[in-house]
1. Residues of segment 248-299 being among the polar types (S, T, N, Q) and either over 27 Å from the mean Cα position of the chain (by Cα) or closer than 22 Å to L95 by Cβ (or both), which ones?
2. Among the residues of segment 169-191, which ones are of a type in the set (V, I, T) and crowded, with 20+ Cβ neighbours inside 10 Å?
3. Restricting the first residue to segment 202-231 and requiring it to be under 19 Å from N299 (Cα atoms), which pairs with a second residue that is aromatic (F, W, Y) and part of a helix (DSSP H, G or I) meet a Cβ separation below 9 Å and a spacing of at least six or different chains?
4. Sort through L79, L53, L121 and tell me the only one that's without any contact (Cβ under 8 Å) to a residue 60 or more places away in the chain and closer than 21 Å to R174 by Cα.
5. Confirm whether L212 is outside any strand (DSSP E or B) and open to solvent by 30 Å² or more (accessible area, probe 1.4 Å).
6. Got a sec? Which strands (runs of 3 or more DSSP E) wholly within segment 221-324 have at least 3 residues that are in contact with a Lys or Arg (Cβ under 7 Å, 6 or more places away or on another chain) and not hydroxyl-bearing (S, T, Y)?
7. State whether the residues of segment 260-267 include one that is buried (at least 18 other Cβ atoms within 10 Å of the Cβ), at pLDDT 95 or above, touching a helix residue (DSSP H, G or I) at 6+ places or on another chain (Cβ under 7 Å) and under 25 Å from D171 (Cα atoms).
8. Report, ordered by the first and then the second residue, all pairs with beta carbons closer than 6 Å, sequence separation of six or more or different chains, a first member in segment 254-274 that is in contact (Cβ under 8 Å) with a residue 24 or more places away in the chain and over 15 Å from R301 (Cα atoms), and a second member that is in a loop (DSSP other than H, G, I, E, B) and of a type in the set (K, R).
Amino acid sequence: MKYKILFLGIICIIAIILFVYYPVEKDKTSSIQQSMSFGEKVQLDAYDQDRKLYQRTYKRNPQKIAAIYQNSVETILALNHGETLFSAVNVNKELLNSKYKDLYEKIPVKLNHGISREELLMQNLDLIVGWYSTFEYSILGSQTFWRERGIDTYIAPSSFGRKEEPQVLEDEYRFIMDLGKILHKEDVARQIIGEMEKNINEVVSYAEKENLRPRCLIMEFEGAELRIYGKNTLGGNILMHLGVPLAYEGNHLDYESLIMVDPDIIFVVNLDETEEGGRREENLVYSQPAFSGIKAVKNHRVYQVPLYEIYCSGIRSYDAILYFS
């Protein structure tokens, strides 16, 4: 009887140890597995400041990221990687997609007026994502400066404003996919790009079936002239992907020439990027006496489009596709 009680006592002690110890070890193992990808390497063909592609090695799954401008911040949040965003710079909170605003609030450092290289150095970052202009000497310094300090940098492909080469939707696909690879979220990146391509294919099929081919123009008021987002711009390229003929493929028009082009639909660029700014731009088109005979004006088919959807847009390229659709 004495030995039986002793035996049962030992069994109870073992059971208690297993009950307490196993979940801790399981959580510990899970934590180790989650962090294993950090420090691994991924190679990408990424742009450098000379506007050329180079094969660069990045630390996979960086733990502390600074994202400059809205395209970088929103794309990282869309890739389900908000927990590693440490700094968000030059982002207007009011312009953020509403579904990311709660995640944005959790970012420790949020600045809408720029940041110095000294401030960034103090943050012990793993990665800085920005535009070409971000790494000019007068702003944050060269990519070489950061690489020498063990901090990776990534330039959004469409941020160069290249005049000799067209800006294309594939630049935004590359941006999303490259960040997906660096952040170890390739599957999410593929899903996002797949949704964009699916919507484009649906619109093209519908337009062909219904024989819908309105001639579209994206324009911006630029003093005495109009800046046109033609075939070499991202906005124009998205329209072309959708099978929409551009009313004019060049870069500039004067007011008289716009009357001759006579587009069916006008998208006027909203540089202010607010609702009020959009209404102001639409009204500016309608208020021009010279434009009264243009089809788009007569048929009330003038629409504002915020700049962040058609320039260096990242995840907002999807918004442009849906909006133009």
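1. Result: S257, N270, T274, N283, S287, Q288, S292, N299.
2. Within segment 169-191, I176, I182 meet the criteria.
3. Every condition considered, the pairs that remain are L212/Y206; C216/F324.
4. None of the others qualify; the one that does is L53.
5. yes
6. In segment 221-324, there are no strands (runs of 3 or more DSSP E) which contain 3 or more residues that are in contact with a Lys or Arg (Cβ under 7 Å, 6 or more places away or on another chain) and not hydroxyl-bearing (S, T, Y).
7. Yes, segment 260-267 contains a residue that is buried (at least 18 other Cβ atoms within 10 Å of the Cβ), at pLDDT 95 or above, touching a helix residue (DSSP H, G or I) at 6+ places or on another chain (Cβ under 7 Å) and under 25 Å from D171 (Cα atoms).
8. Matching pairs, first to second residue: none at all.
The values are calculated or read from the model by the stated rules, or taken from the named source; none is laboratory data. For clarity, every value in this text was computed on a predicted model and none was experimentally measured. Reconstructed Cβ throughout: ideal geometry from the backbone, glycine too, with neighbour counts over all protein chains shown. Side chains are part of the model used for accessible areas, which takes the heavy atoms of the whole protein and leaves out ligands, DNA and RNA. Shrake-Rupley method; radii C 1.70, N 1.55, O 1.52, S 1.80 Å.
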